[in-house]
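The structure under discussion appears below in the form of C-alpha cells.
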Amino acid sequence: MDQPADSLLEFPCDFPIKAIGKAGCDIDAIVFALVRAHVPDLGEGAIRSRDSRNGGYQSVTVTVRATSRAQLDDIYRALSTHDDIVMVL
C-alpha cells in the first residue's frame with residue numbers, strides 16, 4: 001500500500017479515536033455503529049467509555065486497525081457530523 005510522503009503514520013496501524021458526547025444519549029452505541037461502517041471487523045472489545053467528573057458528558061475511545069489515511073478521515077467525518085457527538089479527538 002502506498003504511503004503519502006508527509007504521513008507520520010504507517011498503515012496498517014492501531015489508532016485510537018476519542019469521541020465525546022452528552023451523557024444519556026447512548027454514545028457508546030452511536031460511536032460503535034458509525035465506526036463499524038468504516039471498519040467492518042471492529043469488535044466490541046475495541047471500545048471503552050468513561051463518564052466525566054460531573055456526569056454530564058461521556059467519552060468513548062475506540063481503537064481501530066486503520067488501513068489508510070482516507071479511512072481515518074471518513075471515520076472522523078462521520079463522528080464529527082453526528083448531532084450527539086460534541087468533539088472528536
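Averaging Cα coordinates gives a centre for segment 47-76 and one for segment 20-39; these two points are 8 Å apart. Against the chain, whose longest principal axis comes from its Cα atoms, helix 69-80 is set at around 20 degrees. Taking max minus min of the alpha-carbon positions on each principal axis, segment 46-89 gives extents of 37, 22, 11 Å, largest first. Please determine, in degrees from 0 to 90 and to the nearest 10, the orientation of helix 27-36 with respect to the longest principal axis defined by the Cα atoms of the chain, where the helix direction is its Cα long axis. So the helix axis and the longest Cα principal axis differ by about 20 degrees. If you run the Gaussian network model on the chain, springs between alpha carbon atoms under 10 Å, then out of 33, 70, 23 the most flexible one is 70. Annotation: peptides 45-52, 24-31, ranked by per-residue average of other Cβ atoms within 10 Å with the highest first, follow the order 24-31, 45-52.
Per the Kirkwood formula applied to alpha carbons, the chain shows a radius of gyration over Rh ratio, Rg over Rh, of 1.00.
Counting other Cβ atoms within 10 Å as a rough exposure proxy, the listed residues 59, 80 run 80, 59 from fewest neighbours to most. Full extension of the chain segment joining residue 44 with residue 89 gains 14.2 nm, where the gain is 0.36 nm per residue of separation less the Cα-Cα distance.
Since every read-out is calculated from the coordinates, none of them should be taken as a lab result. Just so we're clear, the structure is a prediction, and the values are computed from it rather than from any experiment. All Cβ positions, glycine included, derive from the backbone under ideal geometry; neighbour counts span all protein chains shown.
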